[in-house]
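Below you'll find the structure, written out as structure tokens, and then a few comments.
The values are calculated or read from the model by the stated rules, or taken from the named source; none is laboratory data. Please read these numbers as outputs of a predicted model, since none were measured by experiment. Every residue, glycine among them, receives a Cβ derived from its backbone with ideal geometry; neighbour counts consider all protein chains shown.
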Amino acid sequence: MFEDQVSIYLQRKNVTLEGKKILVGVSGGPDSLALLHFLWTKEEEWKITVYAGHVDHMFRGEESLKEAEFVKLFCEERNIPFSWERINLPEFIKKTGMNSQKASRECRYSFYEKVMRKNSVDYLALGHHGDDQIETILMRLTRGSSGKARAGIPFIRIFGTGEIIRPFLCLEREDIEEYCKIHNLNPRRDPSNEKETYSRNRYRKHVVPFLKKENIHVARHFQRFSEELADDEAYLMKQAEEKLSFIVTKKRKEEVVVDINRFLSIAIPLQRRCIQLILNYLYDEMPISLSALHTEQMMILLKSPHSSGNIDLPNGLKVKKSYHSLHFQFNFSPTKSFYYELSKMGELLLPNGYNIKVEYINGDHHTESDCILLDSSSISFPLIIRTRRDGDRIHLKGMDGKKKVSRIFIDEKIPIQKRESWPIITDSNGNILWIPGLKKSIYSHSNTNSGSNLLITYKKQ
Ligand SMILES: Nc1ncnc2c1ncn2[C@@H]1O[C@H](COP(=O)(O)OP(=O)(O)OP(=O)(O)O)[C@@H](O)[C@H]1O
């Protein structure tokens with residue numbers, strides 16, 4: 001029954017796994033463990049190769065390490081290639097300012113991507129199921145999400161060297177628990193799943209059981225709703241994209257201007273989506289969560305009989321109405337940028353509250369991420385400590401050629417406000433020596449140098 005349901009679901013979704021390499025993201029909990037076990041039992045019949053990947057977020061100390069060891073053993077017993085990574089999540093959260101859920105997700109996905117690339121994996125399979133779908137849709141609607149976010153968890157999406165699939169979306173939590181029991185899987189139980197401080201757990205405990213009592217097919221209905229909404233959304237977004245060049249009169253990196261009369265001449269569902277497309281473009285890869293409320297505010301402004309008005313959006317994006325135009329523009333505070341010169345040893349307190357200390361030392365020093373060791377004889381003074389500029393590039397250690405600093409900020413998930421005040425240290429010729437806390441350049445020494453070295457430290461005051 002269980003097996004048939006999954007096979008039929010995959011067929012209906014036009015996904016053929018034959019001959020494919022599949023990486024399963026395994027937490028050690030019932031859903032992903034059942035998924036790993038299920039796909040492993042299908043290896044021969046479906047001609048697939050299964051890999052397992054686990055991330056230890058180091059959040060619950062020894063407990064999380066035990067989970068990793070449990071998954072490792074489970075894989076060893078079945079000859080499933082296993083990859084894992086320990087990630088210092090508290091450290092990552094401190095650096096990015098993300099909340100813990102988002103941070104652990106970011107870390108997991110970058111790990112999956114690495115493993116997929118290493119093994120040329122076609123599919124990343126995750127253990128989300130029908131109950132997760134109900135919870136996600138309801139949570140997002142309640143929170144005021146817009147666009148395709150309301151369709152919940154997609155069955156398939158492009159990711160890494162292939163695609164993410166969720167073969168268990170057609171199942172319910174009870175089906176999976178039953179499967180674990182039949183196959184004696186003894187999954188690990190995450191105690192945080194019980195905590196009512198997490199909103200998902202409240203939906204799981206109070207809302208989903210109520211809906212299931214109202215209608216035993218609720219999960220199937222939510223899944224169908226999700227798929228139909230995702231299709232409608234994709235179609236409307238495409239239509240909106242085609243209208244965009246008609247309504248936008250100016251489009252630059254940090255500025256967009258809309259012709260209001262043209263905007264109002266298109267269908268309302270496309271108007272909303274055009275606003276979304278413009279915001280996506282402007283916010284680019286910034287970690288911003290916009291709600292349907294923001295779009296609604298803009299719709300009101302556009303339709304109002306007043307010839308002017310303003311809206312302030314996250315990260316300093318200003319929307320200004322002026323007669324027949326609507327201007328979207330970022331308004332970064334100029335006080336955030338800085339420029340200092342340090343001609344010799346000394347200390348400097350930066351506007352972001354961090355302290356830069358430059359000193360000479362002789363011989364060894366163990367370098368952490370908050371300090372760098374440079375060969376003082378090959379550095380031209382004064383050192384310059386400044387905020388980023390367009391076109392900044394750094395020659396990273398162990399890399400051919402230079403990498404754009406703006407790309408590093410994106411890859412490291414540094415929020416846009418922090419990027420504006422993040423220090424960059426260069427020599428007097430403009431060579432970037434260090435992006436403190438993020439990346440060291442080829443000018444950095446390893447720790448066993450004799451002679452006169454320059455040690456720069458970057459620490460919170
Ligand atoms: N630490 C982890 N390492 C690797 N993959 C993970 C990890 N945590 C979660 N995943 C993957 O992401 C999916 C969804 O994560 P979520 O935290 O919602 O899990 P869950 O509902 O508790 O499921 P499970 O019963 O598998 O723990 C999991 O089913 C699994 O495929």
Point to revise | strands (runs of 3 or more DSSP E) enclosed by the range 347-449 - at least 1 residues per element that are at pLDDT below 90 and outside the structural domain of GLU91 (by TED's automatic domain parsing) | key: 354-362, 371-375, 383-386
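Do we have VAL248 as buried (at least 17 other Cβ atoms within 10 Å of the Cβ), more than 30 Å from THR96 (Cβ to Cβ) and outside the structural domain of ARG419 (by TED's automatic domain parsing) here?
Numbers: buried (at least 17 other Cβ atoms within 10 Å of the Cβ): yes; more than 30 Å from THR96 (Cβ to Cβ): yes; outside the structural domain of ARG419 (by TED's automatic domain parsing): yes.
Spelling it out, VAL248 is indeed buried (at least 17 other Cβ atoms within 10 Å of the Cβ), more than 30 Å from THR96 (Cβ to Cβ) and outside the structural domain of ARG419 (by TED's automatic domain parsing).
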Review point. Is there a residue being surrounded by 15 or more Cβ atoms within 10 Å (Cβ to Cβ), out of contact with any Phe, Trp or Tyr (no Cβ under 6 Å at 6 or more places or on another chain) and not in a loop (DSSP other than H, G, I, E, B) anywhere in the range 178-185?
Key: yes
Practice item. Report yes if some residue within the range 208-230 is of a type in the set (Val, Ile, Thr), at pLDDT below 95 and either over 25 Å from the mean Cα position of the chain (by Cα) or within 25 Å of ARG143 (Cα to Cα) (or both); otherwise report no. Key: no
**Study point:** Counted residues, the range 16-46 - those being out of contact with any strand residue (DSSP E or B) (no Cβ under 6 Å at 6 or more places or on another chain) and of a type in the set (A, V, I, L, M)
**Key:** 3
Point to revise | Residue that is within 13 Å of the ligand (Cβ to nearest atom), surrounded by 14 or more Cβ atoms within 10 Å (Cβ to Cβ) and on the phi < 0 side of the Ramachandran plot, where the choices are LEU17, LEU10, LEU39, LEU65 | key: LEU39
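Conditions tested, residue by residue: (1) among the hydrophobic types (A, V, I, L, M, F, W, C); (2) more than 13 Å from the ligand (Cβ to nearest atom); (3) touching a Leu at 6+ places or on another chain (Cβ under 8 Å).
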{"residue": "TYR51", "(1), (2), (3)": "no, no, yes"}
{"residue": "VAL55", "(1), (2), (3)": "yes, no, no"}
{"residue": "TRP84", "(1), (2), (3)": "yes, no, no"}
{"residue": "SER104", "(1), (2), (3)": "no, no, yes"}
{"residue": "PHE111", "(1), (2), (3)": "yes, no, no"}
{"residue": "SER120", "(1), (2), (3)": "no, yes, no"}
{"residue": "ILE134", "(1), (2), (3)": "yes, no, yes"}
